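The values are calculated or read from the model by the stated rules, or taken from the named source; none is laboratory data. Computed from a prediction, not measured in an experiment: that's the story for all the values here. Every residue, glycine among them, receives a Cβ derived from its backbone with ideal geometry; neighbour counts consider all protein chains shown. Only protein heavy atoms, including side chains, enter the accessible area calculation; ligands, DNA and RNA are left aside. Shrake-Rupley method; radii C 1.70, N 1.55, O 1.52, S 1.80 Å.
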Amino acid sequence: MLKELCSFQGRYKILHLSWFAFFLSFVVWFNLAPLASIVQEDMGLSVEQIRTLAICNVALTVPARIIIGMLLDKYGPRLTFTCLLVYAAIPCVAFSLAQNFGQLVASRLALSIVGAGFVIGIRMTAEWFPPKEIGLAEGIYGGWGNFGSAFSAFTLVTVATVLSFFPGALGLETGAFLNWRAAIAITGIIAAIYGVFYYFNVEDTPPGKVYHKPPKNTGIEVTSKNDFGLVMMMNMPLTIILMVLAWRLNGIGFLSDSMMMIVWAFLVGLYLFQAFGCYQVNKDLLAGRKKYLPKDRYRFKQVVILQLTYAVNFGSELAVVSMLPSFFEGTFTLEKAAAGMIASSYAFMNLVSRPGGGLISDKLGSRKMTMTILTAVMGLGYLVMGTVSKDWWLPGAVLLTMLCSFFVQAGEGSTFAIVPLVKRRITGQIAGNVGAYGNVGAVIYLTIFSLLPTWLSGDGETTAEIIAQGNTIFFQMLGVSALIVSFLCLFFLEEPQGSFSDFHETEIEANLHPKTELGQIN
């Protein structure tokens, strides 16, 4: 496969076109971070307002990943990815034209939906690659696409600088400030153009293969009554985390108390609506009118463990990337630029570590043990990072950070080496649910991290010692939670059937029983 990867034919063409589509969605999603200080100065925003925009950037990603997963299973990745990329241009242009803080917030909330693009290519890749190669293929898709965030950080300031030499570029203001407006607009326009190109150059499945869809897609399909209750329970944190985001917006004065209560009531209603949709999909099962053949069943606890695993690996990555520059700056008394460059090594590891995790999962012979070991080593790495202080040798701290990031991102690769093997026809919804938990983990970690100085100081002065203590507790929290999830993987995760076969489950059945109707018996 490694030799064929350099080609641009067949399934490898689909893989390359898909990871680049994901790459562009992340360039768009992360286009504010490198230009935040310029936007703040140009628009006269306060520190609280610029932090509000950062929160808005992830606010709707959680529900969007669930919804995108449903649309993906129904309409296929080709159309879904195209629509999302074309849509990306709308909030990007709106943000670039904003004249006040309210317009910035509205467009940023709309843009946070683009962060759901990741789940689309998971199913596209799974449709084109056999189970025995799914780890490396999904790892390349996720790792190379995820690099879009780092690409934004390193290029958009330069792009904004170049555009500032062209007064009136794209009809936007230029002058003393770098042309951040044109830079952000261009990211969305490029994504939209590529979305159209993507539509005319890919197919949902290889020739002769059927795209399997769930009978209904208003909620995730389960195959046992007990699993329905588990789905309802695991959907609750998705709603709660959005309530936490609303509470944080209230804490910085963006939402009033009454507005926060309205948002909370809306979120409760949204949960109930989602629960009803899931009931509609599974009501025949719950009423005893439908039973699934043993070969067509899956256990939702597998999805639960994958959700928790992604919460501790990708969730911790998002959290660590957000705090790592200030951590190196404060711990080793570095300049902001130097601290930022060192911290970027964490994101750069995505290019090799996530594909590496998928490749290990393909070659080790047990996807379960691969994920268990990688998650455990990740936890130990975070615990060691909790010991980093000003007395450490700086190159040693950098090497430790890169080593830890390898296991974090390799764990992400091993997670999505399993996701497409749980239940093929609802891969989009499973990927959406697992992906959403990555954002849940990030919000939990970042919320606790932001509150640690206040808790440790007793609402007093936040000293350098308090900050250092908070950093230690933060890394310890990441480490302990990873070790707990590793334990769950070891004792409760099951190895997917056909993990290393040449065909997916439904393809095997089609070859063995070409005239047999798969699914359920009434």
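Annotation: amide H of PHE500 has no partner in the under-5 Å range at sequence separation 5 or more or interchain, hydrogens built in the peptide plane. Note on SER345 and LYS132: the extension gain reaches 73.6 nm, defined as 0.36 nm multiplied by sequence separation minus the Cα-Cα distance.
Per residue, the accessible area of the stretch 378-487 comes to 36 Å² when a 1.4 Å probe rolls over the protein heavy atoms. Size descriptors for the chain, from the alpha-carbon set: Rg then Dmax equal 22.8, 73 Å. Between LYS336 and ASN226, the modelled label-to-label distance comes to 5.5 nm, taking each label 7 Å out from Cα in the direction of the beta carbon.
Looking at the stretch 129-264, the accessible area is 45 square angstrom per residue; that uses a 1.4 Å probe and ignores ligands, DNA and RNA. When each of the peptides 205-211, 351-357, 432-438, 229-235 is scored by how many other beta carbons lie within 10 Å of its residues on average, the order from highest to lowest is 432-438, 351-357, 229-235, 205-211. At a Förster distance of 56 Å, what's the computed FRET efficiency of SER457 paired with TYR279, Cβ-Cβ distance as r, to 0.05? Calculated transfer efficiency: 0.75.
Can you give me the relative contact order of the chain as a percent, contacts being Cα pairs under 8 Å and 6 or more apart? Once normalised by length, the contact order is 23 percent. With R₀ fixed at 30 Å, the C-beta to C-beta distance from SER450 to PHE492 puts the FRET efficiency at about 0.40. The stretch 63-88 and the stretch 375-439 have Cα centres separated by 25 Å. Only helices enter this figure: runs of n ≥ 4 DSSP H residues, each worth -39500 (n - 2.57), summed and divided by the residues of the chain, yield -24500 deg cm²/dmol at 222 nm to the nearest 500.
With θ taken as phi - 60° and the Karplus curve 6.51 cos²θ - 1.76 cosθ + 1.60 applied, the whole-hertz 3J(HN,Hα) list for the stretch 68-73 is 4, x, 5, 4, 4, 5 Hz, x standing for glycine and proline.
Here the peptides 408-420, 309-321, 335-347 are ranked by packing, the mean other Cβ count within 10 Å, and the order with the highest first is 408-420, 309-321, 335-347. What percentage of the solvent-accessible surface of the chain, computed with a 1.4 Å probe over protein heavy atoms, is contributed by carbon and sulfur atoms? That share works out to 68 percent.
Summing Cβ point charges (Lys, Arg +1; Asp, Glu -1) relative to the Cα centre of the chain gives a dipole of roughly 1560 debye.
For the stretch 249-291 versus the stretch 6-46, the spacing of their alpha-carbon centroids is 31 Å. Scoring 445-453, 489-497 by mean Cβ neighbours within 10 Å over their residues and listing the highest first yields 445-453, 489-497. Near LYS291, the amide H atoms lying under 5 Å from its own belong to ILE521; only residues 5 or more places off or on other chains count, and H is placed 1.01 Å from N. Projecting the Cα atoms of MET371, SER316, MET341 onto the charge dipole of the stretch 273-384, computed from C-beta unit charges around the Cα centre, puts MET371 farthest toward the positive end. Under the simplified labelling scheme, the SER366-CYS83 pair shows an inter-label distance of 4.2 nm, with each label point 7 Å from Cα along Cα→Cβ. Converting phi to 3J(HN,Hα) with the Karplus coefficients 6.51, -1.76 and 1.60 and the offset θ = phi - 60°, the stretch 82-89 yields 4, 4, 5, 5, 5, 4, 4, 5 Hz in sequence order, with x at every glycine or proline.
3J(HN,Hα) along the stretch 324-331, derived from phi through the Karplus expression 6.51 cos²θ - 1.76 cosθ + 1.60 where θ = phi - 60°, amounts to 4, x, 5, 5, 5, 4, x, 6 Hz, with x in place of Gly and Pro.
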